[in-house]
Structure formats: C-alpha cells, structure tokens
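Visitor: Here it is, the structure, as structure tokens.
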Amino acid sequence: MKLLLDTHAAIWAVAQSKMLPRHIRDVLVSNSKDIFVSSITIFEIATKYQLKRYDSPPFGGSDAIKYFRAAGFQFLAVTPQHAMEIDRLEAHHRDPFDRLLIAQAISEPMYLISKDPMIALYDYPRIDW
C-alpha cells in the first residue's frame, strides 16, 4: 500500500514520532518502502517556517528534504494531472496545500495519512486518527 503523508504527519514522523498514534507508527513501519512526501509538503514547510507562524514546523524546506531522505521517504512531484484533479474536489477544505495533497492521493492512488478532520470529509482511501 502506497502512503502519502500530510505535512504534519511527515514532520512528526521525522521529528516528533510520539505525536503519531501507535497504529499510525505501525502502518509506517510495515509500509516503510512505500511512504511518500509531496513536493507541496516541502513548499508548505518552507513557507510556514519562513513566516514564523504559530504553527511553524521545527525546520525549513532544505532540512525537511534531508530528514525525509534520511527516513527513507520517497518524494512525489506535483503533476498537471494532480492539479487538474482539484476540479473534481468538493469545496470542503479551503487550504490549498491540503487540497493538492488530496488530489495527489486520489490521482496516484495512495492512502493519505492525516489527522485533519476537514480532510476526512473527502471520500477516498485514507488513514486518519
């Protein structure tokens, strides 16, 4: 099973694994060769880190790439197909980062791992908590 990590799940997987519930950690361990991080996640991390928002990640985009590579995660580029898939999404979620992650998960297909309750409103394969 291919897994796509939402930004918070990707950060927690490499920096704060105790933030992930046990069943999510177990899924990551059992699918360790099929874990993907989207390039949109790197963009989101870099953007929030630079803005120094209250929810800023503990590292910037270049460090994120290093940490994700060290963890053995694969990177998923954004394609025109992914962007086009957004046309089909209902407007449950306003966050453009998350909408693109959902579109990627649907297009590939992949299971998106997220704690975001707004993402859970979409009907597609996902693992949430």
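Visitor: Eight or more residues apart or on different chains, and alpha-carbon atoms under 24 Å: count the Lys pairs in the chain matching that.
Guide: 16
Visitor: Next question. Taking only C-alpha pairs under 8 Å that are 6+ residues apart, what is the relative contact order of the chain in percent?
Guide: Across the chain, relative contact order equals 30 percent.
Visitor: Counting only helical runs of four or more DSSP H residues, what would the 222 nm mean residue ellipticity of the chain come to if each run contributes -39,500 (n - 2.57) and the total is spread over all its residues?
Guide: -13500 deg cm²/dmol
Visitor: Mind checking Rg over Rh on the chain, alpha carbons, Kirkwood formula for Rh?
Guide: Ratio of gyration radius to Kirkwood radius: 0.93.
Visitor: Evaluate the charge dipole of the chain about its Cα centre and quote only its size in Debye, nearest 20, assuming +1 on the Cβ of each Lys and Arg and -1 on the Cβ of each Asp and Glu.
Guide: Approximately 500 debye in magnitude.
Visitor: May I ask you to list the GluC sites (Glu not before Pro) in the stretch 1-110 that are in a DSSP loop and have at most 12 other Cβ atoms within 10 Å of their Cβ?
Guide: GLU90
Visitor: Now for a separate question. So what is log10(I(q)/I(0)) for the stretch 15-54 at q = 0.17, 0.34 1/Å, when the Debye sum runs over its Cα atoms only?
Guide: For the requested q values the scattering log ratios are -0.65, -1.01.
Visitor: What ranking, highest mean first, results for peptides 61-67, 15-21 when packing means the other Cβ atoms within 10 Å averaged over each residue?
Guide: Order by mean packing, descending: 61-67, 15-21.
Visitor: Applying a 10 Å radius around every beta-carbon, put 34-40, 50-56 in order of their mean neighbour count, most first.
Guide: 34-40, 50-56
Coordinate-derived values only; no laboratory data. Fair warning: this is a prediction, and the values are worked out from it, not measured in the lab. Neighbour counts run over all protein chains shown; Cβ positions are idealised from the backbone, glycine included.
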